[in-house]
Amino acid sequence: MHIADQTVVSIQYTLKNGSGEILDQADKEHPLQYLHGAGNLIPGVEKALLGSEEGATMEVVIPPEEAYGGRDEGLVIEVPRSELPEGEIQVGMQFQVQHGEGVGIVTVTGLEGDSVTLDGNHPLAGETLHFDLQVLGVRAATAEELEHGHVHGPGGHAH
């Protein structure tokens with residue numbers, strides 16, 4: 001079976017940045033399973049895998065436009081420390097925030113006095129991503145998976 005919309009795909013992968021640093025990976029024992037065409041992966045990876053079948057391997061370079069987009073400096077703001085939760089604040093910490101379009105995640109990128117710099121960009125925004133991919137399996141999605149828009153594991157919902 002070939003990878004197409006409405007198929008469940010199981011892959012192993014290694015994700016590296018432009019410097020060759022490993023950012024994420026999934027192996028045969030803990031593969032990534034996803035519903036193809038449901039927007040569960042970045043567009044560049046779905047596009048690269050489309051039409052492949054079990055056993056296929058590939059190296060793919062994904063530009064920011066087909067990954068997490070470019071950086072938007074308008075998403076970097078400074079706020080008073082008093083607007084954040086009580087406790088120690090450190091660079092790298094992430095917080096969930098409410099905004100006009102719903103809920104988002106911000107990362108603390110700077111601390112200076114009583115001022116905290118928050119970045120609402122995805123941590124990989126602006127990055128060219130390098131994937132080594134192997135397709136471990138492809139199957140038709142169940143009606144329930146199609147209705148829910150994601151893969152279900154052996155006991156029901158995916159973990």
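The values are calculated or read from the model by the stated rules, or taken from the named source; none is laboratory data. Quick caveat, the model's predicted, so the values are computed rather than measured. Glycine also receives a Cβ, built like all others from the backbone with ideal geometry; neighbour counts cover every protein chain displayed.
Descriptive notes on the structure:
- Filter pass, residue 45 being buried (at least 17 other Cβ atoms within 10 Å of the Cβ), outside the structural domain of residue 29 (by TED's automatic domain parsing) and either of a type in the set (Phe, Trp, Tyr) or within 17 Å of the chain's Cα centre (by Cα) (or both): no
- Qualifying positions in segment 104-146 - part of a strand (DSSP E or B), of a type outside the set (Asp, Glu) and free of Cβ contacts under 8 Å to residues at least 40 places away in the same chain: 104, 105, 106, 107, 108, 109, 110, 111, 115, 116
- Criterion applied to 11, 22, 62 was being surrounded by fewer than 18 Cβ atoms within 10 Å (Cβ to Cβ) and touching a strand residue (DSSP E or B) at 6+ places or on another chain (Cβ under 7 Å), and the one residue passing it is 22.
- Residue check, residue 131 surrounded by fewer than 15 Cβ atoms within 10 Å (Cβ to Cβ) and among the aromatic types (Phe, Trp, Tyr): no
- For residue 60, the conditions (1) touching a residue at least 60 places away in the same chain (Cβ under 8 Å); (2) part of a helix (DSSP H, G or I); (3) under 17 Å from residue 126 (Cα atoms) are fulfilled apart from (2).
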